[in-house]
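Taken together, the values in this text are just the output of simple stated rules run on the coordinates, not laboratory data. Here the structure is a predicted model, which means the values were calculated and not measured. We place every Cβ from the backbone using ideal geometry, glycine too, and count neighbours over all the protein chains shown.
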Amino acid sequence: MTIFIPEKNNQCLCAALLELKAMQDFISKSPTHYFCDLLRTIVGTDTIPIVLQTKKGDFIKRIHKFDDFCCFETMFFRIEEIDEELCCAKLSLLRPLDIEGCDTNIICDVFRLQKTNVCTIIPLSCVCAVQPLDVELLKRKVIIEPKC
């Protein structure tokens, strides 16, 4: 379900992202008295992947450069923090991989998302929609021998 936010109401967007962050934290930080991190084990991940859209309908994207030759582009993020006062979000980049485990920036080719430690700050004033994605994207295993 995509959550569209009225143009002048960033409070709703902050609230929606805070709710997603709370669910994400609940999955990852809800140990039971006897079974430790049972919920995270059942779900299989501690991340709810999201995409964000601008007021023009474009997906927000970021590029991470490893060195002079390696980089990846992504429109997939994990919520790390929400600053309600400044109305911005600290998001970590999720690396999109195709079925062979190679980087891809073609949305139809994305088979799996890989967590990274790379973060970006997004001002929520430029965002009008947030779409949570299936957590299965983080759990899939590459089943074809990589050719990249």
Pick from the range 53-108, criterion out of contact with any Cys (no Cβ under 9 Å at 6 or more places or on another chain) and of a type in the set (Ser, Thr, Tyr), ranking: farthest from Ala15 (Cα to Cα): Thr104
Which residues, taken from the range 83-102, are more than 27 Å from Leu124 (Cα to Cα) and of a type in the set (Asp, Glu)? Asp98, Glu100
Give the range 116-144 a look and list any residue that's out of contact with any helix residue (DSSP H, G or I) (no Cβ under 7 Å at 6 or more places or on another chain), surrounded by 14 or more Cβ atoms within 10 Å (Cβ to Cβ) and in a strand (DSSP E or B), or say none. Thr116, Val118, Cys119, Thr120, Ile122, Cys128, Ala129, Gln131
